1. Which condition number does Thr88 fail, the rest of (1) under 21 Å from Val11 (Cα atoms); (2) within 14 Å of the chain's Cα centre (by Cα) being met?
2. Hey, Asp78 hits all of (1) at pLDDT below 95; (2) surrounded by fewer than 17 Cβ atoms within 10 Å (Cβ to Cβ) but one; which does it fall short on?
3. Looking at (1) surrounded by 21 or more Cβ atoms within 10 Å (Cβ to Cβ); (2) more than 10 Å from the chain's Cα centre (by Cα); (3) not small (Gly, Ala, Ser), find the lone condition where Arg43 falls short.
4. If I filter segment 62-75 for residues that are buried (at least 19 other Cβ atoms within 10 Å of the Cβ), touching a Gly at 6+ places or on another chain (Cβ under 7 Å) and free of Cβ contacts under 8 Å to residues at least 40 places away in the same chain, do I get at least one hit?
5. Looking at Met13, Met1, can you tell me which residue is aliphatic (A, V, I, L, M), farther than 18 Å from Pro72 by Cβ and more than 12 Å from the chain's Cα centre (by Cα)?
6. Out of everything in segment 81-96 that is more than 23 Å from Ile65 (Cβ to Cβ) and in contact with a strand residue (DSSP E or B) (Cβ under 9 Å, 6 or more places away or on another chain), what residue ends up being surrounded by the most Cβ atoms within 10 Å (Cβ to Cβ)?
Amino acid sequence: MKQAIVARTDVGMGNGKLAAQVAHASLSAYEKADSQARDQWKRGGQKKIVLEADSERELHELAAIADREGIPNALVRDAGHTQLEPGTVTALAVGPAADDRVDRVTGDLSLF
């Protein structure tokens, strides 16, 4: 079991902003998973990987694939209080789900 978090590289987030957006995405997708997936992921060490995307469109395309595959996922839109405009899509979390299922959605992306 793992979770992949895909963060945009094209919006100029600072490191702290990036960390916060990744955390928001991770928790939001976790909350959408069923209890069996959540428990199994927690028992397995909550494996995560952070990957790069270069556009909002790419995040939406990946979310659509995850939806078709029945994998819990969550897009994050920034509130706009600090570095970004309100509503800016910053990150997408896919999973927790079986490694091979997550890889079908995010396996071609580069590490952040």
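The values are calculated or read from the model by the stated rules, or taken from the named source; none is laboratory data. This is a predicted model, so every value here is computed, not measured. Note: ideal-geometry Cβ built from the backbone for every residue, glycine included; neighbour counts use all protein chains shown.
1. (2)
2. Going through the list (1) at pLDDT below 95; (2) surrounded by fewer than 17 Cβ atoms within 10 Å (Cβ to Cβ), Asp78 breaks only (2).
3. Every condition holds for Arg43 apart from (1).
4. Within segment 62-75 (the criterion being buried (at least 19 other Cβ atoms within 10 Å of the Cβ), touching a Gly at 6+ places or on another chain (Cβ under 7 Å) and free of Cβ contacts under 8 Å to residues at least 40 places away in the same chain), the answer is yes, since at least one residue qualifies.
5. Matching residue, one of Met13, Met1: Met13.
6. Looking at the filtered set, the residue picked out is Leu84.
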